[in-house]
Amino acid sequence: MGDFEARDLISDLPQSIIEIILTRLPIRDAVRTSILSTKWRYRWASLTHLIFNDKCVPIYCDKGAVESNLINFITRTLFLHQGPIHEFKLSTSYLQCCPDIDQWLLFLSRSGIKELNLELGEGEWFRVPSSLFNCTKLTRLELTRCEFDPPPSFKGFLCLKKLNLYQVLVAPETIESLISGCPLLDSLSLSYFDSLVLNIDAPNLKYLCLEGEFKDICLQNTPLLVAMSVAMYMTDDIAEHFEQTSTCNFIRFLGGVPRLERLIGHIYFTKYLSIGDYPGRLPITYSYLKNIELYQVSFEDMKEILVVLRLITNSPNLKELKISGSSNTLAAIEAPDLDFWTKECPKPCTFENLKAVKMTDMSGVPHEMEFIKFLLANSPLLQTMSITPCVYVMDGRLNMLIDLLRFRRASASAEIVFIKD
């Protein structure tokens with residue numbers, strides 16, 4: 001035994017190094033190191049990052065036994081833990097509305113918790129206990145499938161920098177109050193919300209991801225925003241609400257983000273921006289915007305095309321543009337107003353920095369082709385334009401390719417890549 005201890009160099013490493021080693025292990029294996037020797041018995045107990053999932057316990061037994069074993073393992077780990085806990089993550093499909101989670105959060109609120117992530121499985125939604133709102137040192141909070149209802153005395157998380165709410169039941173006014181009550185918030189993700197009207201007041205916000213059925217969104221105070229991704233699912237009642245508004249959604253949403261560098265707009269995004277009375281010249285230039293991705297743009301809707309034109313012509317440093325179409329071919333192929341491109345395209349217009357364009361789900365309808373012609377004619381540094389036709393466009397592919405090769409190119413080195421399959 002003495003010879004073995006003489007060769008046991010790992011046990012004599014500084015605690016900080018040992019903690020790094022243990023952090024690399026799954027929490028179950030880290031705890032099991034306690035059986036190695038008396039030196040290792042409580043080495044794991046000062047870990048500041050605790051990550052639990054279904055792999056922490058054997059899953060070959062029935063669901064009730066797995067749930068019980070997981071609860072016991074987490075409870076015992078927390079009971080034996082010593083010192084602060086900076087990160088706690090629980091990702092499980094077995095625990096939903098479990099009273100033990102309330103006790104764990106109460107314990108964590110007294111342990112200096114900084115990062116908390118709860119990903120709970122399907123079933124009854126977990127109601128976040130009031131002890132969560134006593135975690136005053138939180139810098140990161142991620143909740144999945146929870147009910148979130150702060151007490152009236154709660155004023156916000158003053159240290160919170162990242163907030164991610166996924167399928168969380170919460171009142172709209174509570175969301176707005178929570179966001180404005182986190183003055184250091186720089187990353188916000190809200191996913192799968194229904195019929196939400198949202199005003200975002202977050203002066204330090206840099207990253208924004210929104211996904212769900214939004215009745216209205218206003219970026220009230222987000223001057224530092226650099227990247228956003230938005231997916232809007234539009235039901236009939238939301239569509240009716242949109243059509244009744246006279247306020248320009250484009251200005252309300254994108255009128256106050258001068259430092260935007262990357263914009264991703266998924267389903268219905270350009271439709272949303274196109275609604276409302278447009279006042280004329282945009283009050284903003286997107287000098288930092290280099291990457292734009294817009295999906296399911298309807299090229300039979302002139303107002304949606306205008307949204308795309310406003311964005312790209314007011315982004316002088318745009319480098320990469322990706323657009324997918326969703327045109328109703330029968331409606332778009334008639335294109336009675338092709339003079340639109342003469343009237344609405346600014347002259348002169350040059351995309352001095354645009355190098356890559358990717359167009360997918362193209363039907364070859366007139367306004368799509370006019371848009372492509374416009375880009376080719378005004379992009380002197382363009383290197384590649386990639387075009388993928390819709391899967392249902394078969395007969396028109398040859399004509400589309402012939403037209404593309406005829407279009408004038410401002411860049412002599414611009415390569416058109418036509419992807420048939």
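The values are calculated or read from the model by the stated rules, or taken from the named source; none is laboratory data. Bear in mind the structure is a predicted one, so any value in this text is a computation, not a measurement. For neighbour counting, all protein chains shown are included, and Cβ atoms are generated from backbone atoms with ideal geometry for every residue, glycine included. Keep in mind that these areas ignore ligands, DNA and RNA; they rest on the heavy atoms of the full protein, side chains included. Shrake-Rupley method; radii C 1.70, N 1.55, O 1.52, S 1.80 Å.
In table form, for the structure just shown:
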{"quantity": "Selection count, the stretch 211-229, where residues are modelled with pLDDT of 95 or more and open to solvent by less than 10 Å² (accessible area, probe 1.4 Å)", "calculated": "3"}
{"quantity": "The stretch 361-388: number of residues that are touching a strand residue (DSSP E or B) at 6+ places or on another chain (Cβ under 7 Å), open to solvent by 10 Å² or more (accessible area, probe 1.4 Å) and not acidic (Asp, Glu)", "calculated": "6"}
{"quantity": "Matching residues, the stretch 121-157, being polar (S, T, N, Q) and in a strand (DSSP E or B)", "calculated": "THR144"}
{"quantity": "From the options TRP125, TRP104, residue that is aromatic (Phe, Trp, Tyr) and free of Cβ contacts under 8 Å to residues at least 40 places away in the same chain", "calculated": "TRP104"}
{"quantity": "Any chance TYR278 is in contact (Cβ under 8 Å) with a residue 60 or more places away in the chain and out of contact with any Ser or Thr (no Cβ under 8 Å at 6 or more places or on another chain)", "calculated": "no"}
{"quantity": "Identity of the residue in the stretch 257-295, assigned to a strand (DSSP E or B) and of a type in the set (A, V, I, L, M, F, W, C), that ends up nearest to LEU219 (Cα to Cα)", "calculated": "LEU263"}
{"quantity": "Members of the stretch 296-312 that are open to solvent by less than 40 Å² (accessible area, probe 1.4 Å), assigned to a helix (DSSP H, G or I) and charged (D, E, K, R)", "calculated": "GLU304, ARG310"}
{"quantity": "Residue in the stretch 126-134 that is buried (at least 17 other Cβ atoms within 10 Å of the Cβ) and under 21 Å from the mean Cα position of the chain (by Cα) present", "calculated": "no"}
{"quantity": "Test result for CYS390, under 35 Å from the mean Cα position of the chain (by Cα) and closer than 19 Å to LEU309 by Cα", "calculated": "no"}
{"quantity": "Pairs with Cβ under 9 Å, 6+ apart, first in the stretch 212-232 and more than 17 Å from ILE179 (Cα to Cα), second assigned to a loop (DSSP other than H, G, I, E, B) and among the β-branched types (Val, Ile, Thr)", "calculated": "GLU213/THR235; VAL226/VAL257; ALA231/ILE267; MET232/ILE267"}
{"quantity": "Test: residue in the stretch 327-349 that is small (Gly, Ala, Ser), modelled with pLDDT of 75 or more, touching a Ser or Thr at 6+ places or on another chain (Cβ under 9 Å) and crowded, with 16+ Cβ neighbours inside 10 Å", "calculated": "no"}
{"quantity": "Test result for ALA171, without any contact (Cβ under 8 Å) to a residue 24 or more places away in the chain, open to solvent by less than 50 Å² (accessible area, probe 1.4 Å) and more than 18 Å from the chain's Cα centre (by Cα)", "calculated": "yes"}
{"quantity": "Selected residue (criterion: nearest to the chain's Cα centre (by Cα)) from residues of the stretch 275-290 that are within 20 Å of VAL197 (Cα to Cα) and either open to solvent by less than 50 Å² (accessible area, probe 1.4 Å) or modelled with pLDDT of 95 or more (or both)", "calculated": "ILE275"}
{"quantity": "In the stretch 135-158, residue surrounded by the fewest Cβ atoms within 10 Å (Cβ to Cβ) [restricted to those that are hydrophobic (A, V, I, L, M, F, W, C) and touching a Leu at 6+ places or on another chain (Cβ under 6 Å)]", "calculated": "LEU143"}
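The rows are residues; the columns are (1) at pLDDT 85 or above; (2) within 22 Å of ILE292 (Cβ to Cβ).
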| residue | (1), (2) |
| --- | --- |
| CYS182 | yes, no |
| THR247 | no, no |
| GLU261 | yes, yes |
| LEU273 | yes, yes |
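This table checks each residue for (1) in a helix (DSSP H, G or I); (2) open to solvent by less than 40 Å² (accessible area, probe 1.4 Å); (3) of a type in the set (Ser, Thr, Tyr).
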| residue | (1), (2), (3) |
| --- | --- |
| ALA65 | yes, yes, no |
| THR75 | yes, no, yes |
| GLY83 | no, no, no |
| PHE88 | no, yes, no |
| LEU95 | no, yes, no |
| ASP102 | yes, no, no |
| LEU108 | yes, yes, no |
